[in-house]
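Rule-based calculations on the coordinates, nothing more; no lab input. Everything numeric in this text was worked out from a predicted model, so none of it was measured. Positions of Cβ are backbone-derived with ideal geometry, glycine not excepted, and every protein chain shown enters the neighbour counts.
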Amino acid sequence: MAHALRSLRTAIAVVGVCTLGLGLLSAAPAQADVHSARPLAPHSVRAPERDQFSVEGVTTVGELRTLDALMSDHGSNRTQIIRHPGATYIKVHVSSLRLAPGDFVTVSSPDGRESYRYHRDLDRATSSDFTTDGQPGFWAMSVEGDTAVVTLHSSRPRNASVVTIDRFWRGYDQAEISQHNVSLMSVCSTDARRDVVCYQNSHPAEYARGGAVARLLISGGGRCTTWRVGNTNRMLTNKHCFSTQAAVSGSEMQFDYQCATCGGANPGAGTKVSGATLYRVSSGSSNQLDYTLYSVNNFATIQRFGTLYLATAATSTGTRIYIPGHGDGTAKRVAIYENAQNGPTCAVRNANYNTWNISYSCDTSGGNSGSPVLDSSHRVVALHHLGGCPSNQGAKAHLIYNEIASLIDNNG
């Protein structure tokens with residue numbers, strides 16, 4: 001009997017069933033009262049290590065948790081809180097979505113600034129974006145902060161709709177990121193990176209080009225940088241960040257995640273889209289060209305952030321460069337100066353460091369993988385992928401261009 005009970009508890013933990021609102025009231029207000037519903041997160045457990053995110057060279061920024069509570073309908077209970085105190089984001093997995101016509105589910109931040117709406121058909125044309133992992137169900141887009149509010153909206157009788165939640169990712173804070181990652185010394189001397197908004201007036205072109213750069217959340221638990229390339233729906237990042245269609249489909253690209261004021265630590269949620277189609281992955285090791293070319297869903301929502309273009313000829317030693325990106329997984333920063341503001345600017349240290357790479361001392365850190373390295377004409381001359389002062393490295397953009405020219409529109 002004891003063994004049977006243990007088996008039952010294990011099954012509940014793995015399936016993580018949390019059923020919402022079998023007989024719900026009319027649609028809830030846009031901003032839910034997060035204190036009126038029973039929180040599930042205290043009853044969650046860390047998922048097995050085999051299910052946690054772990055990719056060599058990619059910054060791990062979160063953990064997967066399963067829910068060990070079985071919740072069925074109790075009267076008018078239509079809202080469920082998913083909370084993990086101190087988390088930097090929550091990404092909820094819906095394992096089963098059985099909705100009556102006209103009913104829908106929202107996954108929102110407590111203040112309503114972020115809200116994603118899902119109908120029974122999961123059509124991105126009429127519902128919000130989402131990611132998948134090859135298992136039943138779908139992953140809602142992540143919500144910034146430590147709380148997600150899941151609400152089932154219905155005016156139908158009891159037993160009309162059922163939503164089941166079994167897992168969620170929760171984001172690490174900076175101390176946890178440091179604890180879970182080994183960092184190379186890729187900040188050379190003093191860290192001279194600043195929020196991109198700091199350069200809005202002094203370096204307007206560099207500020208504007210940074211708009212095409214996005215934060216990449218990989219399969220719920222890893223961070224890199226990614227960016228639009230060319231005039232069509234194409235994105236570039238590193239092969240070592242992801243290199244399969246499954247990983248592309250399971251990842252989010254977050255544009256406009258940057259502080260509103262210089263040093264303000266006040267980024268908004270930005271605009272999030274999911275990965276769509278994998279087009280090409282470089283051959284060879286991550287020490288070589290190390291690129292992945294892919295597209296996103298809901299492309300129209302990110303076109304306003306601009307795009308970047310690849311240099312089609314080799315750069316030269318001494319060329320001035322700058323690097324926008326999401327080092328440490330934080331709000332977007334840009335490295336323009338080597339060590340101090342208004343001091344020596346970043347420059348190519350060796351334009352032929354080896355067959356595939358250039359080198360530089362411009363500051364980067366974990367999470368910058370996939371960042372564009374741009375020259376003074378604002379063309380991408382390298383794809384950053386290796387840290388290690390004094391020779392941080394970027395794959396030569398003109399060699400990448402030679403391999404993907406037929407897949408992009410690089411005229412700009």
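The sum of -39500 (n - 2.57) across all DSSP H runs of n ≥ 4, divided by the residue count of the chain, sets its helix-only mean residue ellipticity at 222 nm to -2500 deg cm²/dmol. Taking other residues whose beta carbon is less than 15 angstrom from the beta carbon of Gly306, and scoring Lys, Arg as +1 and Asp, Glu as -1, yields +3.
Placing dummy labels 7 Å off each Cα toward the beta-carbon, the span from Asp51 to Thr277 is 3.3 nm. Within the straight-line cut-off of under 26 Å between alpha carbons, the lysines reachable from Lys272 are Lys91, Lys239, Lys332, sequence neighbours fewer than 8 places apart in one chain being disregarded.
For the chain, relative contact order (Cα pairs under 8 Å, six or more residues apart, normalised by length) works out to 16 percent.
Taking Lys and Arg as +1 and Asp and Glu as -1, the other residues whose beta-carbon sits under 14 Å from that of Asn181 total -4. Across segment 110-124, rounded Karplus estimates of 3J(HN,Hα) from the backbone phi angles (6.51 cos²θ - 1.76 cosθ + 1.60, θ = phi - 60°) give x, 8, x, 5, 10, 8, 10, 10, 10, 9, 4, 8, 6, 8, 5 Hz, Gly and Pro being marked x. Rounded to the nearest 10 degrees, the inclination of helix 2-15 to the longest alpha-carbon principal axis of the chain is 50 degrees.
Computed over neighbours whose Cβ is under 9 Å from that of Trp169, the net charge equals +3, Lys and Arg +1, Asp and Glu -1. Amide H contacts of Tyr337: Cys346, each under 5 Å away and 5 or more positions distant or on a separate chain (H built 1.01 Å from N in the peptide plane; Pro and chain starts excluded). Each DSSP beta bridge with both residues in the chain is either parallel or antiparallel, and the antiparallel ones are about 95%.
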